[in-house]
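Below you'll find the structure, written out as structure tokens, and then a few comments.
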Amino acid sequence: MIEARHIVKHYGLKPVLREVDFMVDSGEFVAIVGPNGAGKTTFLRILASLARPNAGTLRVAGFVLPAQAIDVRRRIGMLSHQALLYGDLTAEENLRFYGRMYAVQNLEACIHDAIRLVGLQRRRRDLVRRFSRGMQQRLAIARAILHEPELLLLDEPHTGLDPDAAAMLDGLLREVTQRGRTIVMTSHDLQRASDLATRVDFLFRGKIAASFKQGEIETQRLLEMYRSVTRG
Amino acid sequence: MEPMPKQLKILNWLTIALVAAGLYLAIWYAPREAIMGEVQRVFYFHVAAGWVGALAFLVAALSGALFLIRRERRWDRVAMSSVEIGVVFTFINIVSGSIWARPIWNTWWTWDPRLVTATVMALVYLAYIMLRQSVDDPDRRARFAAVYSILGFISVPLTFLSIRIFRSIHPVVFGAGDALSSGMSSPRMQVAFFFSLLTFSFIYGTLLWHRLRLQHLSEKLEIQKMKMLSAEN
Amino acid sequence: MAKRVESDSKISKPRGSSLRVYLRVIGAIVWKDIAAELRNRQMISAMLVFALLVVLIFNFALELDIVTRDSVTSGVLWVTFAFAGTLGLNRSAAMEEDRGCLDGLLLVPIDRSALYFGKVIGNVLFLLIVEAIILPLYSVLYNVNLFVPGLLLVIVLGSWGYVAVGTLMAAMALQTRMRDVLLPILLFPVVLPVLIPALKASNAFLQAFEVGDIMLWINLLIAYDLIFTTIAFLVFEYVVEE
């Protein structure tokens, strides 16, 4: 699903990503964890075709980036810590807009299903401006999966969510994975990441420093290792 | 520390020689102009400065386009350096024009097409600089600057064209006639004039090279700094 | 979702011709901008109020007596539109910045130019609406007939050129530290080739000059509109992408 080799990204003269290698098979749920400034968001944006690497090769969903970006975008959905929703439109109208943009077939039925999946039926005609952060994030998931992408990219999706909303998000993510989608999620919450993901990668100072499959290692040891790695 | 390349040293001396020769030609060799008097000599510097302003603008737009296509940072460096030089010469152009105009047309300013266009070009330059200063991300800064320089470069001649057309429909007579046509009667004047164009072009090239070199060295310094800081960690 | 089995084929092949998809994307963006504006009407009302204030200020600033009025009307109108226009452009660009919506647009599997045209058409519509309100108001306040067909044509052409460049500039300005303050600084020097023929042609129509003379300005306007629109849509992706 994802084949990234030797990805390099600079911010001016400063290197942000130094030769990152990253492989993901179909159906995996990979969490990328690391301290702030490690380059997680940058890397995710490169995978999402929103940014270009300075060097390296990248294939996502079978297509080359950045050359075949349009084909890639058709097959991915993204959740950022911003909702990517229009405050002055209703939940329904937001989904309708994105549905049209992605040329989704049977749009009204898909909107109906997506809203039901994220549990926002009662608020479908409300303006997004009036939604709480948790509800916006839920609607954002609906938006992200509306066009049935094979790959979901999540950038610290639990940011700003209270524990209830975060738990609901986790439930949705689990359901979404069960349907065979591949998920890549960045997070600085190691506990949550290891609970949800089938694999946890450490991104530290622009490189993947370590990678652990689910069950390979106890969460406690993972936390200790994380602390020792980030302390240098 | 990288020493100045030999070619640059030669260019330095060549340019200084040209400036000396150009000054001689403009101030002593060229005859005194019959109608306007000594102040006409400003002309040799005024037009050449305007020429450099336009040349620098063109170079900036071309480098900008090259940056967008190739994504190589050195094109952005060329563009920025060119604009820095160009804006100075454009101001020299406007101010020297004003100094020349006062005794001739008895006014510091007129709204004739060339002046307006020069002003617009100066404003585009200033906007470019403000744009650059307002963006932190170096890649974005380079991209935006390139886009703006391309649009600005297309826009300035079109502005000139529009104003010129207006003048041909409603011709306006001002002052003691058109400077370019009346001032170049004597062949010695022409020599001084074209020589000044050459000299100023060399000044531009030399300054550009120095500025690029300065930028290059400053970046090397930055990289060294970063290496030292990360080595300490 | 019951449709899961068929869904894999739903997106892997693009439905319809790519031109139809392209046009649908543009239409969706225009519809979205109109729907959002209808909800809060902030942009149009701000532009209108500002335009009225500018007209009012001009009343005090210039001697708008019967004689001079005719010769300055064109200038007053275009200055008003240019300034009110910056408000609309900024607001339209800011809408995409709110909640990170620009990323949402960039993730759509379509050429970036579709995003550009969608925003331009929306912005032109809003500017035309404001102009459609200001013109009759000005007519009434100053007892000038502004319903000259030629003038209306010029206003449409000039507005398009202004917005074609302005949308690009606003997209840039909003991503800088100076933000919307930078828009007029960037826009006005560059958009002069559009404003000058627009001014001259408007004036010519109002003062009932020979149509033959005016055609030159109209042709220039059309040419500049084409040049600027082409260049702007070619470079737009560099402004929004990383």
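Considering every residue within region B:48-64, establish whether at least one is under 25 Å from B:Ala192 (Cα atoms), over 20 Å from the mean Cα position of the chain (by Cα) and in contact (Cβ under 8 Å) with a residue 24 or more places away in the chain.
no
In region C:199-217, which residues are at the interface with chain B (Cβ under 10 Å from one of its Cβ atoms) and within 30 Å of B:Val147 (Cα to Cα)?
Within region C:199-217, C:Leu199, C:Lys200, C:Leu216, C:Trp217 meet the criteria.
Which of the numbered conditions does A:Ala165 fail, given that it passes all the others? Conditions: (1) in a helix (DSSP H, G or I); (2) away from chain C (no Cβ under 13 Å); (3) in contact with a strand residue (DSSP E or B) (Cβ under 8 Å, 6 or more places away or on another chain).
Condition (3) is where A:Ala165 drops out.
Against the conditions (1) within 30 Å of C:Ala36 (Cβ to Cβ); (2) part of a loop (DSSP other than H, G, I, E, B), where does A:Gly77 fall short? Just the number, please.
(2)
What is the number of the single condition among (1) within 30 Å of B:Arg71 (Cα to Cα); (2) of a type outside the set (Asp, Glu); (3) modelled with pLDDT of 85 or more that A:His81 does not meet?
All conditions are met except number (3).
Starting from residues that are away from every other protein chain (no Cβ under 14 Å) and aromatic (Phe, Trp, Tyr), keep the ones in region C:133-180 and report whichever is farthest from C:Ser74 (Cα to Cα).
C:Trp160
Which residue pairs have Cβ atoms closer than 9 Å, lie 6 or more positions apart in sequence or on different chains, and pair a first residue in region C:84-109 that is facing another protein chain (nearest Cβ under 9 Å) and surrounded by 20 or more Cβ atoms within 10 Å (Cβ to Cβ) with a second residue that is in a helix (DSSP H, G or I) and of a type in the set (Ser, Thr, Tyr)?
Pairs found: C:Gly104/A:Tyr98; C:Val108/A:Tyr98.
Please specify each residue of region A:213-232 satisfying the condition of being surrounded by 14 or more Cβ atoms within 10 Å (Cβ to Cβ) and closer than 18 Å to A:Gly27 by Cβ.
Once the filter is applied, which keeps residues that are surrounded by 14 or more Cβ atoms within 10 Å (Cβ to Cβ) and closer than 18 Å to A:Gly27 by Cβ, region A:213-232 yields only A:Gln214.
Do we have C:Phe236 as in a helix (DSSP H, G or I) and touching a Leu at 6+ places or on another chain (Cβ under 7 Å) here?
Yes; evaluated as a whole, the condition is true for this residue.
Conditions tested, residue by residue: (1) modelled with pLDDT of 90 or more; (2) under 21 Å from C:Gln175 (Cβ atoms).
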position	(1), (2)
C:Arg24	yes, no
C:Ala61	no, no
C:Ala84	yes, no
C:Asn123	yes, yes
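I want to confirm something. Restricting to region A:121-134 and keeping residues that are more than 13 Å from every other protein chain (Cβ to nearest Cβ) and within 21 Å of the chain's Cα centre (by Cα), which single residue is farthest from A:His158 (Cα to Cα)?
The selected residue is A:Ser132.
All but one of (1) under 20 Å from the mean Cα position of the chain (by Cα); (2) within 28 Å of B:Ala118 (Cβ to Cβ) hold for C:Trp160; which doesn't?
That leaves (2) as the condition not met.
Would you check which residues across region A:40-57 are within 14 Å of another protein chain (Cβ to nearest Cβ) and either assigned to a loop (DSSP other than H, G, I, E, B) or more than 22 Å from C:Leu105 (Cβ to Cβ) (or both) and list them?
Scanning region A:40-57 gives A:Ala48, A:Ser49, A:Leu50, A:Ala51, A:Arg52, A:Pro53, A:Asn54, A:Ala55.
What are the pairs, 6+ residues apart or on separate chains, where a residue within region B:1-27 that is under 17 Å from B:Phe200 (Cβ atoms) has its Cβ under 8 Å from a residue that is among the basic types (Lys, Arg)?
B:Ala26/B:Arg41; B:Ile27/B:Arg41
The values are calculated or read from the model by the stated rules, or taken from the named source; none is laboratory data. Computed from a predicted structure; not experimentally measured. Virtual Cβ from ideal backbone geometry, glycine too; neighbours counted across all protein chains shown.
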